[in-house]
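*Asks:* Mind looking over this structure? Questions follow.
The values are calculated or read from the model by the stated rules, or taken from the named source; none is laboratory data. Because the structure is a prediction, the values reported are computed rather than measured. As a convention, Cβ positions derive from the backbone with ideal geometry for all residues, glycine included, and neighbour counts pool all protein chains shown.
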Amino acid sequence: MTIAVNNKFFPFIWFNGEFVSWFDAKIHVLTHSLHYAGAAYEGERAYNGKIFKLKEHTERLINSVKTLHLNLKYSFQDIIDAHQQLIAKNNIEDAYVRPLIWRGDESLGLASNLLSVNMLILAVHSVPRKNSNLKLHISNWQKPHPKAMPIECKSSGNYNMMIIAEKEAQEKGFDDALLLDWRGLVAECTTTNVFFVQNEKIITPVADAFLNGITRQTIIKLARNLGYSVEEKYINPEEIDQFDECFITGTAAEVKGIGSIAINESKQKIFGQSSVTLHLQQEYAKLVRL
């Protein structure tokens, strides 16, 4: 997702309980989370001035905060209210919204009790691109064991490897990377969950090694309501060749079709007509604007 930074679209940022201008929202170079990661955040979308699944995103944010031992002073309702006030104050319709919680600059000690916990929310004008036919390759990087990183958190630390994997994919001429887990099973892409289609049956990996995305959960429910069979199962990379369609889901990406996956240096899977993917794209676009 590419977002142009132009402050005429978002003149205010909610910053530690106050609305400040874009250029006044600053932090110190000694900010603990800048040096050691440890920040929690969410990626959300607003459609027609309403943030889709705001309750679910806020619940996940608070759970991430607890897991990361960030002592946040704002309540669930405080965060909901701040989001809604920001959207209204900036008079923004379609937006990508980012709440971020991080440790302050009072100490560089790894677990210092002196550290403050800070929060901001920004809303950037953004309209989703409807591009599909994306090209993936299977990355050499793998998702870590769930006991190595808290997979249920949307945290800055979890995304270091994702950035490297996406950069490497782009340098090789692909749009993104498909990641395997520590067992060698299909997991997800760098910022999206992955689905496959076989004879109009939708198949997606079991979410025990990666973040169970809110959009992923929404698509599973939507597909079943539309009459599709959806199965969550463990998928070996060798099975990719059997599938008819592939698509990815995420708050920023929404639903995007995959045109091909390079399984290895000598084998590439080309996906055919994306009828199920197109149907879900259309129905998801209706759902988010209800």
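*Asks:* Can you confirm whether ILE27 is surrounded by fewer than 20 Cβ atoms within 10 Å (Cβ to Cβ) and either of a type in the set (Lys, Arg) or not in a helix (DSSP H, G or I) (or both)?
*Replies:* Here the answer is yes, as ILE27 does meet what is asked.
*Asks:* Of all the residues that make up the stretch 250-276, how many are within 24 Å of PRO128 (Cα to Cα), in a strand (DSSP E or B) and not hydroxyl-bearing (Ser, Thr, Tyr)?
*Replies:* Residues flagged as within 24 Å of PRO128 (Cα to Cα), in a strand (DSSP E or B) and not hydroxyl-bearing (Ser, Thr, Tyr) within the stretch 250-276 amount to 8.
This table checks each residue for (1) of a type outside the set (A, V, I, L, M); (2) in contact with a strand residue (DSSP E or B) (Cβ under 9 Å, 6 or more places away or on another chain).
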residue	(1), (2)
PHE15	yes, yes
ASP24	yes, yes
HIS35	yes, no
LEU61	no, yes
VAL65	no, yes
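*Asks:* Give the stretch 260-285 a look and list any residue that's free of Cβ contacts under 8 Å to residues at least 12 places away in the same chain and either touching a strand residue (DSSP E or B) at 6+ places or on another chain (Cβ under 7 Å) or closer than 23 Å to TYR47 by Cβ (or both), or say none.
*Replies:* Once the filter is applied, which keeps residues that are free of Cβ contacts under 8 Å to residues at least 12 places away in the same chain and either touching a strand residue (DSSP E or B) at 6+ places or on another chain (Cβ under 7 Å) or closer than 23 Å to TYR47 by Cβ (or both), the stretch 260-285 yields GLN268, ILE270, GLN282.
*Asks:* Still on this structure: Being touching a strand residue (DSSP E or B) at 6+ places or on another chain (Cβ under 6 Å), touching a residue at least 40 places away in the same chain (Cβ under 8 Å) and hydroxyl-bearing (Ser, Thr, Tyr): is that true of TYR47 here?
*Replies:* no
*Asks:* Let me ask you something else. Hey, does the stretch 125-135 have a residue that's in contact with a Phe, Trp or Tyr (Cβ under 6 Å, 6 or more places away or on another chain), in contact (Cβ under 8 Å) with a residue 60 or more places away in the chain, surrounded by fewer than 19 Cβ atoms within 10 Å (Cβ to Cβ) and not in a loop (DSSP other than H, G, I, E, B)?
*Replies:* There is at least one residue in the stretch 125-135 that is in contact with a Phe, Trp or Tyr (Cβ under 6 Å, 6 or more places away or on another chain), in contact (Cβ under 8 Å) with a residue 60 or more places away in the chain, surrounded by fewer than 19 Cβ atoms within 10 Å (Cβ to Cβ) and not in a loop (DSSP other than H, G, I, E, B).
*Asks:* What about GLU106, is it at pLDDT below 95 and either within 30 Å of PHE271 (Cβ to Cβ) or in a loop (DSSP other than H, G, I, E, B) (or both)?
*Replies:* Taking the combined requirement at face value, the residue does not satisfy it.
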